[in-house]
Structures are given as C-alpha cells and as structure tokens.
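Engineer: Please see the structure below; I have some questions.
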Amino acid sequence: MIRLNSKEYITMDNNNTETNNESVDFIRAIIKEDVNNSKNNGKVVTRFPPEPNGYLHIGHAKAFCLNFSIADEFNGKCHLRFDDTNPVREDDEYIHSIMRDIKWMGFDWGDNLFYASDYYEKLYDFAVQLIKKGKAFICDLSVDEIKEYRGTLTEPGKESPYRNRSIEENLELFAGMRNGDYPEGSRTVRAKIDMASPNIHMRDPAIYRIKHVRHHRTGDEWCIYPMYDFAHCLSDSIEGITHSLCSLEFEIHRPLYDWILDELELESHPQQIEFNRLNLTYTVMSKRKLIQLVEEKKVSGWDDPRMPTLSGMRRRGYTPASIKEFINRAGLTKREQIIDVSLLEYCVREDLNKHTTRVMGVLDPIKVVITNYPDDKIDELDAINNPEDPEMGSRKLPFSKVLYIEREDFREEAPKKYFRMVPGREVRLRYAYIVKCTGCVKDENGNIIEVHCTYDPDSRGGTDPDGRRIKGTIHWVSAKHAVRAEVRLYDRLFNTRSPESGKGSFLDNLNPDSLEIRRECYVEPGLANVSSGELFQFERIGYFCADLDTTNGQPVFNRTVPLRDSWAKIEKKK
RNA sequence: UACCCCAUGGUGUAAUGGUAGCACAAGUGGUUUUGGUCCACUUAGUCGAGGUUCGAAUCCUUGUGGGGUAGCCA
C-alpha cells in the first residue's frame, strides 16, 4: 500500500486507482475512523507483545505484520514489547530469536523496544492504588480453594473470606509479599470485582502471585510477579498504545482490561481489538505442540525446514516477501480461519519464479552416453538465467559425451502423452541438442544403468533447424563437470488436513515421508560454491535453497516447494 | 449447561439496504526450448425459518451449527 495522504490509500498492483474504493479490513476501518475523528489526537501507536518463551511462527508473523504495517500506514509507531511476566517459562535465547525473525521479515521497531519487566515498579504502585481504593485485596486461599470458590461456567462463585480485609492489612501484606515473607502459593493479590459475573475473568481475578524464581532480566529483585491481565493493559497504557490488537481468545478478557484502566483512572486507555488467528491445513501451530515435535525429535529443531516457525521457513527457502503476501491474502476477520497451505505455496512460487536463477540439477541420476559425440570434446552452451527477467542474463554450461538425466525422464515403453526419452524417439536436452534415443544398457538384474542416444549437430542450443516440433525438453548435467550435492526433499509434516482434530494424538498424523534425503545428486558446476541461503529454481523440478549445512564445494539443498507438475496429474488420473 | 464471538463456492476473503465479486484449489483449452510461467474459459456460494422494506448476504426475532472462557499461563 502506498500512503497518499492521511485518509486515502490505494494499492499499486490494482489499476482501478482512480476509483479508490479498495476495501479495508475491519481493524483498519476502525482505526481510520478514529484518526478521522482525531481520537488520540489522530495518533496511532500499536505494539507486538510476544512472551519470550518460544520461537515465532507464521501465526505470530500475521500479528506483527499487522501491527507494524498499520503503524506504517497511519504514520504511527509500533512498539516491540516483551511480555515477560512469568519468569519460569522465559529466557534470553527467545528474545534474540524473536528480534532476529522480526528484522528478517523487514520490520524495525527503532527505539521502541520495551519489556513488561521494566514496569514492575510502576505496576506495583498501581496495585497499591487499587488496594487503597478498596478494589483489590490479599487472598490467602490456596489454588484449590480459589478454584472451588470461583464457581463454574453455569454457577456463580463465592466471595473469598479474605475479601473484606482492611486496606491497612492489605497494604501490609502486599509489602510483605514483595519482601519475600511468604512462600509461593500462600497468597495472591486479587482484584475485587464480582464473584457472580457470568464472565469468569471478572470473578476477582488474581493480579499478582508469589514466585521465588529468578527472572531473566530482573534477577532476584522481585519475588512477586504481575499476571497478564494486570500487566498487559497497564503496559499498553504506560506506552501510550492507541490500539491494542490481539487474537480472538482474549475477547473475553477485554472487560477486565477496561476495568483495570478505568479503576485506575488512567488517561491513556488503549482500545483492545481482537482478530482471528492464522491456521494452516496440514500444520500444527500451537506452541505446546511445536515444542513437543522438537523435544520428541520428530523434527531436527525449531528451525527444521518442515516447521511453521519463521526460522524453519527461512531455512526452507521461504522469502519474507512471500510470507507477507500470503498473510495479506489470508485476510483479517473475526472468523476462525484455516487456510489451505496451497495458498502459501502459490505465494512462494510467485515470488521465487520472478527472482530466482534457473539452474539444472539431477536428483535421481541415470547416465546417458551420446554415442556419436567425440570422446574428449567439450562444448560451452548458453543458458538463460531467468526467462521472467532478461536482466538476469545468461551463463555458460559445459556439455560432453556423458551426461546425467533424471531416471524418470527415460522409459523403455512410453505411456500415452509421455514425451521424454524413449528408444526411437527424439527429445531436446535443454539449451543443448536434440538427441535421438537408441536404447539402453542393463545390468545382470535387469536394471537400466545407461541410456544411449545420438545427437543432431545442427540443433546446437536446442534449436530445431528444419522445423520439426520436439515436444519434450529435459534437463541434464555433464557427468565430467557435475558437482555432487545432497538434496533434502520436504513434504508436509502431517498427512491430514487438521492434524490437531480427531481422536488420537496429533503425532499419529505425522507424514512418514515428510523428508527424503538424496545424497547422490548432480548439479551444474556453477553451484560448487553456493553459500547457504541462496535460492534457485532447478528447472522442471522446483525451488531450492542452499542449506546451513552447505560447506565449500559440498552443497546441500532444501526443496522449498516443487514446481506445479501437470504431468504428475495426468499420470495420477490413469 | 452460563456468558461472549462467529456463520458468503472445497478454502480464504469482498460487497456496510440497491447487479453476490476476487484469489487459491479443481477442471478444460491455447502459447511455450522448464509438462514451469503466461493467457482464456468452466465448475461452485449468502446455514434454516419468520419479520421490517419498493428492495435484505447486510437490519430485527428465532432456531441450528462452529469457536472461546472455569491458570497463582500468556
């Protein structure tokens, strides 16, 4: 999107710019309205508030793309705030990975880096204020008792016997809690709201608990920590957030969010707006399940290329542009969304098609001998780097008597519509020559070990001099010049559309064939010294990304996504 | 069973009381030195019942279906 002025927005890839009737999602509509009404003096401040207890996945990407993009579109700011209010689950390791992933996606929080733990002192003071107002109390009920007193979804709760302690006593006990006088679990601070509320979150919710646990940033300074519901709204308010965007499951927390800010009579009262989480078919997204995959070694780690984490997707070869495009296309509403992974795949292909260099690589090699080609001759042929972008130029490819082609590109008997290498027929070797297959050589077990053909010297470059139409074109590499490579073929991690639903464990739905490693692949010589992260299209096969495990002269490629394959569809139908 | 939210082709999403459109997926054909890309076309939708209105996907009532909520997690 391009900002025209403070009120009007158009998209570039849409040529009805003059009509300017592009629809916006409901959140942008609300914010636009607020800006038009000069609410918050027309300012927009959003925030992305991850808890540093895990790696970011594409669902988080939706949230931070939203927050950063909106800030950008409305000339505002987006804060990065680590919601580090529960020291038992959090660690610095995650802070680094989260910042890395957000930067990789192309967003910048500038100076606006915050931690909820920076506000512990302020938050403590706010709790004291609430106590002084008679709106919070120290409760000595145990976890089990609190649960019992809370009531159920259908029955109201009972008031805590400690609910009517004097303000003085509450203040004294709270100071004691902070001072470390009491063991964990012995007391909590609770907001005094309404034990009969139909919304359970309003039944005197805990706002502080005792944890004698070292915090990754504040160390041993504190042994009481604020709960999410208390810390989050106040952190938002302290930072002057105008629109606090979160996912749907927090909808029911909104009355509490507002209650706390109202009781404290804070000037800055951000508006919480909830949106739908992003879910993908054939994928699990919950942090718990992703941890399980890592811990039970179902994948190699958080950055396994099959994981929906940003670090996994980066390693797999997904680009930030393709992920953003996908998120934009997925949309934003209040309905539960389960998006087909095929849309994600479409978005990567779309981006990679435009930008990656074409190369030739043979993943399942079989030797081809051009019987009428001179033994020692080496030809240099021109190959176009990207037909979508002439500016990417061309490169030289060595050609010689012995080549490798894909095993599936040769058949002794051709099925209908098969136009690759078949005895007696012609096929084009891409950018090289038209060759005629003359037969094959088998070992004692009947396995084909070599294919023979003759070439037409007049067809250099792959042209057909006398205008005969050659339907098939196949890729190849010169055996003498080829570089051996390892290729890792990834498929979806699960073989059911919603691996999280159904009877058994989601692990029952793991796809046993989600990773296939091919160690004897041959790629064109220019790929000998690729560096990790480089992206390519292997012609006729798919998009590949040089893996972290690549060492000089020994490339390892990850398949990001295969090319669409209409031949596979034809074959499947039969 | 209480409260809250949601309901448009297979999937996702527009239409904000006035012609139900787009994308992905699926299918058919064309172009092609990648069975890729690109192009054209086809299939397919407003959860049900009432009501308001000249007119309802949109507003109201109600039913049904899906989701969320009973951490001293976020």
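Engineer: Find all pairs meeting these conditions: Cβ atoms under 9 angstrom apart; at least six residues apart or on different chains; first residue within the stretch A:412-428 and within 15 Å of A:VAL451 (Cβ to Cβ) and among the aromatic types (Phe, Trp, Tyr); second residue more than 10 Å from RNA strand B (Cβ to nearest atom) and not in a loop (DSSP other than H, G, I, E, B).
Structural biologist: none
Engineer: Are there any pairs with C-beta distances below 6 angstrom linking a residue in the stretch A:256-282 that is surrounded by fewer than 21 Cβ atoms within 10 Å (Cβ to Cβ) to a residue that is acidic (Asp, Glu), with the two at least 6 apart or on different chains, and if so which?
Structural biologist: Short answer, once both residue conditions are applied: A:GLU274/A:GLU251; A:THR281/A:ASP340.
Each row is one residue, and each column tells you yes or no for (1) touching a strand residue (DSSP E or B) at 6+ places or on another chain (Cβ under 8 Å); (2) among the polar types (S, T, N, Q); (3) under 24 Å from A:ILE339 (Cβ atoms).
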site: A:GLY502; (1), (2), (3): no, no, yes
site: A:LEU515; (1), (2), (3): yes, no, yes
site: A:GLU524; (1), (2), (3): yes, no, no
site: A:ALA528; (1), (2), (3): yes, no, no
site: A:GLY542; (1), (2), (3): yes, no, yes
site: A:PHE557; (1), (2), (3): yes, no, no
site: A:VAL561; (1), (2), (3): yes, no, yes
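Engineer: Please go through the stretch A:185-212 and pick out each residue that is near RNA strand B (Cβ under 7 Å from one of its atoms), free of Cβ contacts under 8 Å to residues at least 60 places away in the same chain and within 38 Å of the chain's Cα centre (by Cα).
Structural biologist: Across the stretch A:185-212, the qualifying residues are A:GLY185, A:THR188, A:PRO198, A:ASN199, A:ILE200, A:HIS201, A:PRO205, A:ARG209, A:ILE210.
Engineer: In the stretch A:213-232, how many are near RNA strand B (Cβ under 7 Å from one of its atoms) and either part of a loop (DSSP other than H, G, I, E, B) or surrounded by fewer than 16 Cβ atoms within 10 Å (Cβ to Cβ) (or both)?
Structural biologist: So the count comes out to 1.
Engineer: Any residue in the stretch A:517-538 that is within 14 Å of RNA strand B (Cβ to nearest atom), in a loop (DSSP other than H, G, I, E, B), in contact (Cβ under 8 Å) with a residue 12 or more places away in the chain and among the aliphatic types (A, V, I, L, M)? Walk me through it before giving the result.
Structural biologist: If we filter the stretch A:517-538 for residues that are within 14 Å of RNA strand B (Cβ to nearest atom), which is where we start, we get A:524, A:535-538.
In the following step, the residues that additionally are in a loop (DSSP other than H, G, I, E, B) were identified as A:524.
Those still in the list that are in contact (Cβ under 8 Å) with a residue 12 or more places away in the chain too: A:524.
From what is left, the residues that are among the aliphatic types (A, V, I, L, M) are none.
No, the stretch A:517-538 has no match at all.
Engineer: Hey, another quick one. Hey, could you check the stretch A:544-574 for residues that are within 16 Å of RNA strand B (Cβ to nearest atom) and in a loop (DSSP other than H, G, I, E, B) and say which is farthest from the chain's Cα centre (by Cα)?
Structural biologist: Among those that are within 16 Å of RNA strand B (Cβ to nearest atom) and in a loop (DSSP other than H, G, I, E, B), it is A:LYS574.
Engineer: Filter the stretch A:61-86 down to residues that are within 15 Å of RNA strand B (Cβ to nearest atom) and either part of a strand (DSSP E or B) or more than 18 Å from A:ASP25 (Cα to Cα) (or both), then give me how many there are.
Structural biologist: Going through the stretch A:61-86 one residue at a time, the tally reaches 8.
Engineer: If a residue must be within 22 Å of A:ARG209 (Cα to Cα) and either modelled with pLDDT of 95 or more or touching a Pro at 6+ places or on another chain (Cβ under 8 Å) (or both), how many such residues does the stretch A:69-113 contain?
Structural biologist: Going residue by residue through the stretch A:69-113, those that are within 22 Å of A:ARG209 (Cα to Cα) are A:81-91.
When the remaining residues are screened for being either modelled with pLDDT of 95 or more or touching a Pro at 6+ places or on another chain (Cβ under 8 Å) (or both), the result is A:81-88, A:90-91.
Final tally of qualifying residues: 10.
Engineer: Which residue is nearest to RNA strand B (Cβ to nearest atom), if the candidates are limited to the stretch A:306-327 and must be of a type outside the set (Phe, Trp, Tyr) and touching a Leu at 6+ places or on another chain (Cβ under 6 Å)? Steps first, answer last, please.
Structural biologist: Of all residues in the stretch A:306-327, those of a type outside the set (Phe, Trp, Tyr) come to A:306-317, A:319-325, A:327.
Checking the rest, the ones that are also touching a Leu at 6+ places or on another chain (Cβ under 6 Å) come to A:306, A:310, A:317.
On the way: A:ARG306: 20, A:LEU310: 17, A:GLY317: 15 Å.
Filtering the stretch A:306-327 for residues that are of a type outside the set (Phe, Trp, Tyr) and touching a Leu at 6+ places or on another chain (Cβ under 6 Å), the one nearest to RNA strand B (Cβ to nearest atom) comes out as A:GLY317.
Engineer: Now for a separate question. Considering each residue of the stretch A:280-304, count those that are of a type in the set (Asp, Glu), under 13 Å from the mean Cα position of the chain (by Cα) and outside any loop (DSSP other than H, G, I, E, B), and give that number.
Structural biologist: Final tally of qualifying residues: 0.
Engineer: If you don't mind, another one. Restricting the stretch A:242-279 to residues that are closer than 26 Å to A:GLY42 by Cβ and part of a loop (DSSP other than H, G, I, E, B), which is nearest to RNA strand B (Cβ to nearest atom)?
Structural biologist: Filtering first and then ranking leaves A:PRO270.
Engineer: While we're on this one: Residues being under 21 Å from A:PRO499 (Cβ atoms), in a helix (DSSP H, G or I) and either more than 6 Å from RNA strand B (Cβ to nearest atom) or aliphatic (A, V, I, L, M) (or both): count how many of those fall in the stretch A:328-347.
Structural biologist: 5
Engineer: Residues in the stretch A:435-449: is at least one within 13 Å of RNA strand B (Cβ to nearest atom) and either under 47 Å from the mean Cα position of the chain (by Cα) or modelled with pLDDT under 95 (or both)?
Structural biologist: Among the residues of the stretch A:435-449, at least one is within 13 Å of RNA strand B (Cβ to nearest atom) and either under 47 Å from the mean Cα position of the chain (by Cα) or modelled with pLDDT under 95 (or both), which makes the answer yes.
Engineer: A further question on this structure: In the set A:ARG497, A:ARG460, which member is touching a residue at least 40 places away in the same chain (Cβ under 8 Å), among the charged types (D, E, K, R) and within 26 Å of A:SER342 (Cα to Cα)?
Structural biologist: A:ARG497
Engineer: Something else about it: Considering the stretch A:303-326 alone, what residues qualify as being touching a Phe, Trp or Tyr at 6+ places or on another chain (Cβ under 7 Å) and more than 20 Å from A:CYS65 (Cβ to Cβ)?
Structural biologist: If the condition is that a residue be touching a Phe, Trp or Tyr at 6+ places or on another chain (Cβ under 7 Å) and more than 20 Å from A:CYS65 (Cβ to Cβ), then A:PRO305, A:ARG306 are the ones that fit.
Engineer: Right, next: Anything in the stretch A:501-516 that is in contact (Cβ under 8 Å) with a residue 24 or more places away in the chain and farther than 19 Å from A:ARG316 by Cβ? List them, or say none.
Structural biologist: Result: A:PHE506, A:LEU507.
Engineer: Filter the stretch A:403-433 for residues that are in a loop (DSSP other than H, G, I, E, B), more than 12 Å from RNA strand B (Cβ to nearest atom) and within 24 Å of A:PRO465 (Cα to Cα) and give the result.
Structural biologist: Hits for the stretch A:403-433 are A:PRO423, A:GLY424.
Engineer: Between a residue in the stretch A:344-355 that is within 11 Å of A:GLN537 (Cα to Cα) and any residue that is more than 8 Å from RNA strand B (Cβ to nearest atom) and acidic (Asp, Glu), which pairs come within a Cβ distance under 7 Å, given they are 6 or more apart or on different chains?
Structural biologist: Listed by first residue and then by second, the contacts come to A:LYS354/A:ASP389.
Engineer: Then there is this: Would you mention how many residues in the stretch A:459-490 are within 28 Å of A:VAL299 (Cβ to Cβ) and within 15 Å of RNA strand B (Cβ to nearest atom)?
Structural biologist: 0
Engineer: Still on this structure, please answer the following. Does the stretch A:349-366 hold any residues that are in contact with a Ser or Thr (Cβ under 9 Å, 6 or more places away or on another chain) and buried (at least 23 other Cβ atoms within 10 Å of the Cβ), and which are they?
Structural biologist: Residue satisfying the conditions is A:LEU352 alone.
Engineer: Sort through A:GLU406, A:GLU426, A:GLU388 and tell me the only one that's modelled with pLDDT of 95 or more and surrounded by fewer than 17 Cβ atoms within 10 Å (Cβ to Cβ).
Structural biologist: When all the criteria are applied, what remains is A:GLU388.
Engineer: Which condition breaks for A:GLY106 when tested against (1) more than 16 Å from RNA strand B (Cβ to nearest atom); (2) out of contact with any Lys or Arg (no Cβ under 9 Å at 6 or more places or on another chain); (3) more than 19 Å from A:ILE30 (Cβ to Cβ)?
Structural biologist: Checking A:GLY106 against (1) more than 16 Å from RNA strand B (Cβ to nearest atom); (2) out of contact with any Lys or Arg (no Cβ under 9 Å at 6 or more places or on another chain); (3) more than 19 Å from A:ILE30 (Cβ to Cβ), the one that fails is (2).
The values are calculated or read from the model by the stated rules, or taken from the named source; none is laboratory data. Since this is a predicted model, take the numbers as computed values, not measurements. Note: ideal-geometry Cβ built from the backbone for every residue, glycine included; neighbour counts use all protein chains shown.
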